[in-house]
Amino acid sequence: MDWLNLLLGVGVLVVVAIVWFAVYYWLNPHIDKPDGKARITGICGDTMEIRLEFKRDKVVNSSHWTSGCASSLNCALAAADLAIGKSPEEMLDIDGAVIRESVGGLPQEYMHCADLAAETLHAAVDDYMKSVVAR
């Protein structure tokens with residue numbers, strides 16, 4: 001009976017993990033050919049990636065990824081969402097403070113997550129601008 005309960009518990013955990021990953025990737029689709037992208041690893045060891053798609057010099061789609069904690073995920077999501085509808089120049093106004101405010105504040109030990117998200121967003125904008133200049 002104990003083995004059956006253990007097996008059932010493991011099965012439930014596997015199903016929950018599969019559903020979580022499916023929902024996460026469905027809600028945050030990956031942009032295959034971004035106009036601007038950046039992947040940065042912060043001093044905390046978290047890696048963030050932001051991809052931007054532009055139309056008429058405004059962001060029309062964005063995606064994010066992070067290897068970090070929930071605060072890192074929230075900040076990457078906020079940075080990607082704040083970019084929608086903005087020009088490259090407008091996105092340079094999105095800094096760590098704007099992202100912290102967007103997520104409703106962060107504990108002191110996670111303040112760097114917002115700064116990493118802003119740095120990653122700005123690097124994605126820089127990547128886009130380099131491709132525009134190269135055209």
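Data for the structure
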| item | result |
| --- | --- |
| Residue satisfying all of: in region 36-94; surrounded by fewer than 18 Cβ atoms within 10 Å (Cβ to Cβ) and aliphatic (A, V, I, L, M); farthest from Ala123 (Cα to Cα) among these | Ala70 |
| Every pair of residues 6+ apart whose Cβ atoms lie under 7 Å, when the first sits in region 113-131 and is closer than 10 Å to Asp35 by Cα while the second is part of a helix (DSSP H, G or I) | Val125/Pro88; Val125/Met91; Tyr128/Pro88; Met129/Pro88 |
| Test: residue in region 67-75 that is over 14 Å from the mean Cα position of the chain (by Cα), closer than 28 Å to Ser131 by Cβ and at pLDDT 95 or above | no |
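The values are calculated or read from the model by the stated rules, or taken from the named source; none is laboratory data. Computed from a predicted model, the values in this text were never measured in an experiment. No Cβ is skipped: glycine too gets one built from the backbone with ideal geometry, and neighbour counts run over all protein chains shown.
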